[in-house]
Amino acid sequence: MRALRIALLLGICALASACQHVDPWERNLLARPDMAWEPDELAATQENHTYFSKEAAMPGGGVGGGGCGCN
Amino acid sequence: MSQKKRRARSERRAAERAAVRAARSGRGTFAMLTTSALALIPGLAERAAAQSQENGWSFAYGYSMYAEGSLPASKVSAGSRERYDIDTHAFKLAAPIGGNISLGLDVAYEKMTGASPWLIESDLAGDPVVVMTGASIEDARTDVLASVTFIGEKSRTSLTGGTSMEDDYTAINFGFGREKDFNQKATTFSWGMGFSTDEIDPNGTSFNPLPSKHHKKVGSFSLGIAQVIDRASVAQSSLTLQYADGYLADPYKLVSAGGINSEDRRPGTRTQISWLTRYRRHFERVHGSLHADYQFNWDTWDVKANTLELGWHQELFELITIAPSIRYYTQSEAKFYAPYFALGLPATQDASSDYRLSPYGALSFKLRADVSLADLLKVPQARIGLQYERYESGAEYAIGSIGTENPALVDFSVLMLTLKTGF
């Protein structure tokens with residue numbers, strides 16, 4: 001557990017030191033629709049449900065109430 | 001200063017003002033970071049978070065056709081070689097009701113037909129072959145999720161409740177999620193939890209004509225961080241813990257032990273951990289964006305899985321976006337899995353031949369096209385998207401060598417159409 005905490009702290013420090021300061025008015029590129037985590041939420045929900053039904057892993061971090069998937 | 005330079009400066013300032021307005025109004029990066037973070041929580045998931053972003057009405061409709069490939073005759077010893085087809089209609093509505101509160105509603109309806117793997121047995125040569133059900137299975141699923149999101153200056157809080165109903169299966173789920181922005185909204189922390197209670201009331205089969213009802217409960221907790229790296233890239237990392245307790249087996253599957261069939265049997269609890277990291281980078285010169293996602297999964301059934309997905313989103317003529325992507329998935333087998341078992345398998349021993357718990361890898365290719373209809377229809381945010389995915393799985397795609405491939409591994413194709421509009 002202690003090793004996990006240290007790894008997490010190191011990870012956050014590495015991420016923070018690699019980041020540049022970006023003012024809000026400089027974020028127009030980040031605001032583009034094609035930069036979203038899921039450009040189409042509806043399609044992503046359908047995809048995750050399919051992977052949930054066919055694979056052993058939790059897709060996208062978890063699916064609750066997603067049905068039986070018994071096929 | 002020349003007129004050309006004055007015009008360029010004026011356009012640049014206008015773009016900057018638009019970016020500031022977007023950031024202040026909760027669109028822009030703020031929106032993107034938010035969409036990321038809650039895409040983790042059961043029930044709550046990405047749906048509620050996404051609905052809170054646009055500060056306006058939005059409506060989306062999707063239709064998808066999912067078709068599994070038929071199995072080769074050499075892998076089937078009985079039953080239909082044809083497998084599942086699923087048609088899905090999905091709706092998503094987001095409605096702001098004032099006072100920084102947004103309501104969301106997601107509804108999906110699926111109709112499923114086809115045949116399913118029933119058990120795996122060995123043929124005369126000792127190779128595993130699958131016994132399929134008949135091709136007469138028909139089922140439908142309705143999924144409803146409602147959400148309310150409270151949008152603050154530097155935080156969002158969402159509550160969700162939903163249900164998933166099939167002829168033989170009912171699930172009810174609740175979720176809570178919270179996000180908080182720091183560092184001028186360049187950093188977003190999120191956490192959330194979800195709970196689901198499920199009941200399965202199986203239909204009778206020739207093996208078990210009068211099955212009994214079963215229940216399970218699933219709880220999950222998630223923690224995430226999203227960070228702006230520079231003016232063209234952003235990353236997000238999140239950890240999810242999920243615990244399930246109850247009936248976790250598949251009532252429609254059997255295991256074969258030396259020719260004697262018995263029910264699929266699995267442990268009564270399962271803890272799963274998922275670590276998901278995502279990266280997005282825009283390349284201004286070519287008007288394209290790189291998407292890279294990696295996910296590691298581990299659970300107490302000894303299944304380890306890795307997923308890597310890479311995509312490129314290319315904008316063309318400020319009207320069309322073409323997005324090809326490739327996804328690689330690989331998993332190890334569950335500790336109680338075998339394609340078939342030796343005679344004398346104890347009735348109390350966990351045992352499953354489900355192909356989804358077998359060791360394998362999968363490769364899928366996806367191509368998506370989005371066309372903006374905003375100018376054509378004079379409706380803001382109106383667009384149409386078409387997507388095709390081809391998924392193939394097998395032992396040859398796995399990391400390392402697999403002794404015996406499960407003959408029921410699935411290949412499928414999905415064609416999906418989505419329409420979206422908003423005000």
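The values are calculated or read from the model by the stated rules, or taken from the named source; none is laboratory data. What you see is a predicted model, and the numbers here were worked out from it, not measured in a lab. Please note: Cβ atoms are built from the backbone with ideal geometry, for glycine as well, and neighbour counts cover all protein chains shown.
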> Listed residues B:S190, B:S158, B:S102; which is surrounded by 17 or more Cβ atoms within 10 Å (Cβ to Cβ), within 21 Å of the chain's Cα centre (by Cα) and either away from every other protein chain (no Cβ under 13 Å) or under 30 Å from B:G403 (Cβ atoms) (or both)?
Replying inline: B:S158
>> If the requirement is being in contact with a Pro (Cβ under 7 Å, 6 or more places away or on another chain) and hydrophobic (A, V, I, L, M, F, W, C), which of these qualifies: B:A369, B:A398?
In response: B:A398
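Quick one: which strands (runs of 3 or more DSSP E) lie wholly within region B:175-263 and hold at least 2 residues that are more than 30 Å from B:P346 (Cα to Cα) and small (G, A, S)? Explain how you work it out, then say what you get.
Details: elements: B:187-200, B:214-230, B:233-246, B:254-257, B:260-263.
In region B:175-263, the matching strands (runs of 3 or more DSSP E) lie at B:187-200, B:214-230, B:233-246.
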> Taking region B:395-420, which residues are on the phi < 0 side of the Ramachandran plot and surrounded by fewer than 18 Cβ atoms within 10 Å (Cβ to Cβ)?
Replying inline: B:A395, B:E396, B:Y397, B:I399, B:S401, B:G403, B:T404, B:D411, B:S413, B:L415, B:L417, B:L419
>> Checking B:S116 against (1) over 30 Å from B:V255 (Cβ atoms); (2) crowded, with 16+ Cβ neighbours inside 10 Å, only one condition comes out false. Which one?
In response: (1)
> Which one of these does B:K335 not meet: (1) more than 10 Å from chain A (Cβ to nearest Cβ); (2) under 28 Å from B:I399 (Cβ atoms); (3) in contact with a strand residue (DSSP E or B) (Cβ under 9 Å, 6 or more places away or on another chain); (4) without any contact (Cβ under 8 Å) to a residue 40 or more places away in the chain?
Replying inline: (3)
>> Just the residues that are surrounded by fewer than 17 Cβ atoms within 10 Å (Cβ to Cβ) and in a strand (DSSP E or B), please, taken from region B:119-136.
In response: B:S122
> Restricted to region B:371-390, and to residues that are within 11 Å of chain A (Cβ to nearest Cβ) and in contact with a helix residue (DSSP H, G or I) (Cβ under 8 Å, 6 or more places away or on another chain), which residue is modelled with the lowest pLDDT?
Replying inline: B:Q381
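This table checks each residue for (1) modelled with pLDDT of 85 or more; (2) of a type in the set (A, V, I, L, M); (3) not in a loop (DSSP other than H, G, I, E, B).
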site	(1), (2), (3)
A:R5	no, no, yes
A:G11	no, no, yes
A:A14	no, yes, yes
A:N28	yes, no, no
A:L42	yes, yes, yes
A:S53	yes, no, yes
A:G64	no, no, no
A:C70	no, no, no
>> When the residues of region B:161-187 are narrowed to those that are in contact (Cβ under 8 Å) with a residue 60 or more places away in the chain and under 25 Å from B:G246 (Cβ atoms), which ends up nearest to the other protein chains (Cβ to nearest Cβ)?
In response: B:N173
> Which condition number in (1) touching a strand residue (DSSP E or B) at 6+ places or on another chain (Cβ under 6 Å); (2) at pLDDT below 90 is the one that B:A49 fails?
Replying inline: (1)
> If we only count strands (runs of 3 or more DSSP E) wholly inside region B:340-423, which ones have 3 or more residues that are small (G, A, S)?
Replying inline: B:360-372, B:383-394
>> If I ask for residues that are more than 10 Å from chain A (Cβ to nearest Cβ) and within 18 Å of the chain's Cα centre (by Cα), which ones from region B:280-308 would you list?
In response: B:A292, B:Y294, B:L308
